[in-house]
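Each remark here refers to the structure printed beneath this line.
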Amino acid sequence: MKATILTIGDEILIGQIVDTNSVSIAKHLNAAGIVVREKISIGDDRAQITGAVERALRMSEVTIVTGGLGPTKDDITKKTLAELFRSDMRYDERVAAHVERMLAERGIDFNELNRSQAMVPACCTVLFNAYGTAPGMWFERDGHVVVSLPGVPFEMEHLMQDEVMPRLKARFALRQIVHRTMITAGLPESMLAERIAAWESALPPYLKLAYLPNPGAVRLRLSAYEVEGDAAAREIERQFEALRRIIPRNVIGYETATMQELVHGILTRRGLTLATAESCTGGTIASRFTAMPGASAYFLCGVVSYSNEAKTKLLGVDPDAIARHGAVSEKVARQMAEGARRTASADYAVATTGIAGPAGGSAEKPVGTVWIAVASPSGTVAVRRQCGSDRGQIIDRASAFAIALLRDCLNGN
C-alpha cells in the first residue's frame with residue numbers, strides 16, 4: 001500500500017509555519033503498514049490542488065490532504081475537491097449544529113461564513129471533528145481513497161487517530177511494516193559502516209538498513225516492509241544482538257535513546273554525583289541532564305564561566321595558564337573540570353572551552369575547536385574535538401562529545 005501526503009497553505013511555502021502534520025500522518029500510516037511514497041506541499045491555488053490530487057490518485061492508493069478548510073475565502077480545498085470529484089454541495093445539519101454550539105460557547109455569532117463550513121461535497125463521507133469547526137472528508141474513486149483534514153495540528157491528529165486510521169484498516173487488507181532503530185555513538189558514519197560491513201552484507205534481503213547521523217550519534221534503522229510482523233521483529237532483534245557483539249562500546253540504546261539518558265542511568269544506579277563547567281556550550285550540557293526527571297539525585301551544580309574572569313574566580317583556573325595557553329586549551333579545560341568537581345564536591349565534573357564562532361578563530365585554533373575535560377576520582381582526562389563551523393552545530397556537537405567522554409570515563413574507558 002502506497003500513500004501520498006499533501007499539505008496545503010502558502011504559510012508553509014514561505015516558511016511562516018513548520019509542517020508538523022505530515023510527520024504525524026506518516027507515523028500513523030507507517031504503523032498500519034502503509035508506505036508513504038511522497039510528501040508534497042503546495043500553495044492555496046485551485047489548479048495546484050487539482051493537479052497534485054490527480055497525480056496522487058494515479059500513484060497511490062491513499063492520499064491524505066491537510067489545510068485550506070476554514071470559513072474564509074482563501075480556504076478553497078473543499079470546493080476544489082468537490083469540483084474534482086464532480087459533486088454538488090450539501091448542507092450537513094450535524095456539522096452546522098456543532099459549529100453553532102462551539103461558537104456560542106466562545107460568544108461568537110453564527111454568521112454566513114461559519115454556516116459555509118457545514119456545506120460539504122455530497123459524494124464524501126463526513127468525518128466529525130469534535131475539536132474544531134472544519135469537518136474531515138473521505139472520498140473514494142476507483143478503489144483509491146482521498147481524505148481531506150483540517151490543518152490545525154491537534155484537530156488533524158484527532159481525526160487521523162479516531163476516524164481515518166480505523167476506516168483505512170477496515171477498508172484495505174494491510175500487511176505490517178516493522179522498524180527498529182539502534183542508537184550508536186563514538187564512531188563517525190563512515191567508520192561505523194566499515195566496522196559493520198560484513199554484518200550488513202549478511203542481512204536477510206527483506207531487511208533494509210538505513211544510516212541516520214545526528215550530532216554525536218548515528219542511528220541504524222532496520223526496516224521490513226509488508227511482512228508478518230512478529231517474525232520480522234524477532235529477526236531484527238536477533239540481528240541487532242549480533243551487532244551489539246561487534247560494537248559493544250558504541251551502542252547507546254534503541255529508538256529515541258540518548259547519551260545523556262545512558263549517563264543519567266549510570267549515575268543514578270551507582271549513586272554518583274555530577275557538576276558541569278561550561279564556556280562555549282553555555283549551559284547546554286547542564287540543561288540536557290536537568291531536563292530529565294530524577295536529575296536532582298546526582299546533578300549538583302552547573303557553572304557557565306564564559307569570561308576568563310569567571311573561570312578564575314568561580315573555578316579557580318590559574319590566570320597564568322590562560323595567559324600562556326589561552327582560554328581554549330587543554331590546561332584550562334582540565335582546571336575548569338577540576339575546579340567544578342572541587343567546588344561542588346562532586347564525584348565527576350565535565351568541562352568545555354572552545355571557539356563557537358563565527359569570529360575568534362585562528363590558524364592554530366580555528367572556529368569549532370573545543371577542549372573537553374572530565375575530572376573524576378581517578379584523575380582528569382581531556383580531548384580536543386573539531387566540532388564544525390556553524391555556531392549552533394558547534395555547541396550541539398561539543399555537548400554531545402562531552403557527554404560521550406563522561407560516559408567513557410564512568411565505564412573506565
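Annotation note: of Ala217, Ala197, Ala193, the sole residue that is open to solvent by less than 60 Å² (accessible area, probe 1.4 Å), over 27 Å from Glu61 (Cβ atoms) and either of a type in the set (Val, Ile, Thr) or in contact (Cβ under 8 Å) with a residue 60 or more places away in the chain (or both) is Ala217. The residues of region 5-31 that are outside any helix (DSSP H, G or I) and open to solvent by 10 Å² or more (accessible area, probe 1.4 Å), listed by number, are Ile14, Gly15, Gln16, Ile17, Val18, Asp19, Thr20.
The C-beta contact set for region 335-355 (first residue closer than 14 Å to Asp318 by Cα and among the charged types (D, E, K, R), second residue in a strand (DSSP E or B) and open to solvent by 20 Å² or more (accessible area, probe 1.4 Å), distance under 6 angstrom, 6+ apart or interchain) comprises Glu338/Thr380. Each residue in region 280-307 was checked for being buried (at least 21 other Cβ atoms within 10 Å of the Cβ), in a helix (DSSP H, G or I) and more than 27 Å from the chain's Cα centre (by Cα), and 0 of them qualify.
Every listed requirement among (1) under 30 Å from Val36 (Cβ atoms); (2) modelled with pLDDT under 90 is met by Glu105 save one, (1). Considering the conditions (1) part of a helix (DSSP H, G or I); (2) open to solvent by 10 Å² or more (accessible area, probe 1.4 Å), Val263 is excluded by exactly one of them, (2). Going by the structure shown, is Leu159 part of a helix (DSSP H, G or I), surrounded by 22 or more Cβ atoms within 10 Å (Cβ to Cβ), touching a Leu at 6+ places or on another chain (Cβ under 6 Å) and not β-branched (Val, Ile, Thr)? Yes: the conditions hold for Leu159.
Just one of (1) among the β-branched types (Val, Ile, Thr); (2) surrounded by 14 or more Cβ atoms within 10 Å (Cβ to Cβ); (3) over 19 Å from Leu6 (Cα atoms) trips up Val152, so point out which. It fails just one condition, (3). Cβ separations smaller than 8 Å between residues 6+ apart or across chains give the following pairs from region 150-178 residues that are closer than 14 Å to Val126 by Cα to residues that are open to solvent by 30 Å² or more (accessible area, probe 1.4 Å) and not in a helix (DSSP H, G or I): Glu163/Phe128. Filtering Ala277, Ala224, Ala231, Ala257 for residues that are out of contact with any Phe, Trp or Tyr (no Cβ under 7 Å at 6 or more places or on another chain) and assigned to a strand (DSSP E or B) leaves a single hit, Ala277. Scanning region 84-104 for residues that are touching a strand residue (DSSP E or B) at 6+ places or on another chain (Cβ under 9 Å) and of a type outside the set (Gly, Ala, Ser) returns Leu84, Phe85, Asp88, Met89, Arg90, Tyr91, Asp92, Arg94, Val95. For region 168-177: of the residues being open to solvent by 20 Å² or more (accessible area, probe 1.4 Å) and in contact with a helix residue (DSSP H, G or I) (Cβ under 8 Å, 6 or more places away or on another chain), which is nearest to Phe139 (Cα to Cα)? Checking each candidate, the answer is Leu174. Evaluate the following for Met89: is it among the aliphatic types (A, V, I, L, M) and under 36 Å from the mean Cα position of the chain (by Cα)? No.
Taking the numbered list (1) open to solvent by 80 Å² or more (accessible area, probe 1.4 Å); (2) more than 27 Å from Ile395 (Cβ to Cβ); (3) not in a loop (DSSP other than H, G, I, E, B) in turn, Pro205 passes all entries but (3). Quick one: would you say Ile25 is β-branched (Val, Ile, Thr) and either over 26 Å from the mean Cα position of the chain (by Cα) or within 27 Å of Lys169 (Cα to Cα) (or both)? Yes. Highlighted here are the helices (runs of 4 or more DSSP H) found entirely within region 308-396 that include at least 3 residues which are surrounded by fewer than 17 Cβ atoms within 10 Å (Cβ to Cβ): 308-315, 319-325. Using the structure shown, decide if Arg238 is crowded, with 16+ Cβ neighbours inside 10 Å and of a type in the set (Lys, Arg). No.
The values are calculated or read from the model by the stated rules, or taken from the named source; none is laboratory data. This one's a predicted model, so the numbers in the text were calculated from it and none came from an experiment. Here Cβ is always computed from backbone atoms with ideal geometry, including for glycine, and neighbour counts include all displayed protein chains. These area figures cover heavy atoms from the full protein model, side chains too; ligands, DNA and RNA do not enter into them. Shrake-Rupley method; radii C 1.70, N 1.55, O 1.52, S 1.80 Å.
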